[in-house]
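Visitor: Quick one: structure below, then a few questions.
Every number here is computed from the coordinates shown, using simple stated rules; none is lab data. Quick caveat: nothing in here was measured; it's all calculated off a predicted structure. For neighbour counting, all protein chains shown are included, and Cβ atoms are generated from backbone atoms with ideal geometry for every residue, glycine included.
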Amino acid sequence: MSTSSTQVVIIGAGPSGLLLGALLHKAGIDHVIVERQSPDYVLGRIRAGILEQVTVDLLHEAGVGTGVTQGGTVHHSIELVFKNTRHPIEVTQLTGGKVVTAYGQTEVTKDLMDQRTRSGLSTVYEARDVSLHDFDSLLPQVRYLKDGVSHVLNCEFIAGCDGFHGVARASVPKNAITEFEKVYPFGWLGVLADVPPVSTHAIVYANSDRGFALCSMRSMTRSRYYVQCPLSDKVEDWSDQRFWDEIRRRLDPEMAERMVIGASIEKSIAPLRSFVAEPMRFGRLFLAGDAAHIVPPTGAKGLNLAASDVKYLSSAFIEFFKDKSAAGIDHYSQHALARIWRAERFSWWLTSLMHRFPDSEGFGQKMQEAELDYLVNSHALSTSLAENYVGLPLDFGQH
């Protein structure tokens, strides 16, 4: 058995764990990342691609902002399609100059991995049987198997950044945590294709009587498109041709006509859910990112919420180790959850507004169309959409 010590053990080498590691390293705080999958597996997860300004700023703070600056595409607006008509929402104008940036989660993860490798920092990949111990004491411990050898990591804090199905939240006693969940009665069929995006300056959200569609991008030559589909559908039910025919039916005619189609390089169906676990601190164990919350992808908040969790948590750890103050760790859960619930509300609202529900026919569809009509013609409601879309300030509501 191998035994070693560090200040912080981070469970999970996805973007939240890697970003936390980068910020702790910059502050001179010793840490180890433990990940159950391989680096290739982590990089193979096709996920989010729209970054709030807060997230972009945090990447720069962590020293990995070059990739997003050089490879990201800044968006100043979004476009809503309903009743076969496209309506722009000028996000930058409505928020005093704020923007979002299209830059894939895979690229963010790779940038953080590359920096970590260059810095010679410790990441344990393919760790088996990871278990968390004594986090209700002053001497937490993480145990795992690697290449047949048992390892024990003694530490002062554990950061659970290992996703919805990870060991961190599962290690918390059931009576110490409350879970809130809403499962939606449909999924998203997503296609990644090396074709130019149908809109290079905006994300397109479409409400139609056939269901929701979304047109996003990863770069000027790679697009990420989605259509709402029944949860009973299988990927093999959807040929590329069927997908392209369907998404074009849900867009306005001009956009459908100029959409460039091509072979998919990735295709998957994801269920939609809203989920929050409270609190996010259990003694010396802290949850961050998908380990604590899930949002429907409609509002593009998942990765951005993980980044804001990491900002609060890294600041709390730095304050503890550098200033000998526990104020940050004591308020972490409260501050993080306030931002999380605001993002959950926005994602729920946008999901409810844009999708076809089992009761959407007739009256329900008319109500969606009436609210969309009000939204695109109301400066107040357009501003509310825009300020939530670009991301509320980290200290919003804390004064």
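Visitor: Kindly state, to the nearest 0.05, the FRET efficiency for Q93 paired with W349, given R0 = 22 Å and r defined as their beta-carbon distance.
Guide: Numbers: r = 22 Å, r/R0 = 0.98.
After rounding to 0.05, the efficiency reads 0.55.
Visitor: Moving to a separate point now. Once you have the Kirkwood Rh of region 118-160 from its Cα pairs, apply Stokes-Einstein at 20 °C and 1.002 mPa s and quote D in µm²/s.
Guide: The estimated diffusion coefficient comes to 188 µm²/s.
Visitor: Continuing with this model, one more query. What shape does region 53-174 take by its C-alpha gyration tensor, where a ≥ b ≥ c are the square roots of the eigenvalues and a/c under 1.5 counts as rounded, a/b above b/c as prolate, and the rest as oblate?
Guide: prolate
Visitor: Shape call for region 330-399 from the C-alpha gyration tensor, a ≥ b ≥ c root eigenvalues: rounded (a/c under 1.5), prolate (a/b greater than b/c) or oblate? The partial results should precede the final answer.
Guide: Details: a/c = 4.34, a/b = 1.88, b/c = 2.31.
Verdict is oblate for region 330-399.
Visitor: Taking the Cα centroid of region 345-399 and of region 202-240, what is the distance between the two, rounded to the nearest whole Å?
Guide: 19
Visitor: Roughly how many nanometres apart are two label points built 7 Å out from the Cα toward the Cβ at T221 and D57?
Guide: Each label point is offset 7 Å from its Cα along the Cβ direction, giving 3.4 nm.
Visitor: Still on this model: Angle check, please: helix 105-118 long axis (alpha carbons) against the longest principal axis of the chain (alpha carbons), in degrees 0 to 90, nearest 10.
Guide: 30
Visitor: Moving to a separate point now. Along region 159-175, what does the Karplus equation 6.51 cos²θ - 1.76 cosθ + 1.60 (θ = phi - 60°) give for ³J(HN,Hα), rounded to whole Hz, x for Gly and Pro?
Guide: My calculation for region 159-175 gives 10, x, 10, 9, x, 4, 9, x, 7, 4, 5, 5, 7, 7, x, 4, 7 Hz in order.
Visitor: Here is a follow-up. Stick to Cα atoms and the Kirkwood definition of Rh, then tell me Rg/Rh for region 159-214.
Guide: 1.16
Visitor: Give me the one-decimal nm value for the distance between modelled label points at H331 and E361, 7 Å along each residue's Cα-to-Cβ direction.
Guide: For the pair H331/E361, the computed spacing is 5.3 nm.
Visitor: Would you list S308, S38, S219 from fewest to most Cβ contacts within 10 Å?
Guide: S38, S219, S308
Visitor: Based on a Kirkwood Rh over C-alpha pairs, give the Stokes-Einstein translational diffusion coefficient of region 108-239 at 25 °C and viscosity 0.890 mPa s in µm²/s.
Guide: In µm²/s, the coefficient rounds to 126.
Visitor: Next question. Can you give the Rg to Rh ratio for region 19-123, taking only C-alpha atoms and Rh from Kirkwood?
Guide: 1.08
Visitor: Assuming 0.692 mPa s and 37 °C, estimate D for region 289-333 with Stokes-Einstein, Rh taken as the Kirkwood radius over Cα pairs, in µm²/s. Present the calculation step by step, with values, prior to reporting the outcome.
Guide: Details: Rh = 11.4 Å.
For these conditions, the coefficient is 289 µm²/s.
Visitor: Does a label point 7 Å from the Cα of K234, set along Cα-to-beta-carbon, have any residues of region 168-195 with amide nitrogen under 18 Å, and which are they?
Guide: Once the point is set 7 Å along Cα→Cβ of K234, 187-190 turn out to lie under 18 Å by backbone N, inside region 168-195.
Visitor: For region 166-190 and region 1-58, what is the separation of their C-alpha centers, rounded to whole Å?
Guide: When both Cα centres are located, 21 Å separates them.
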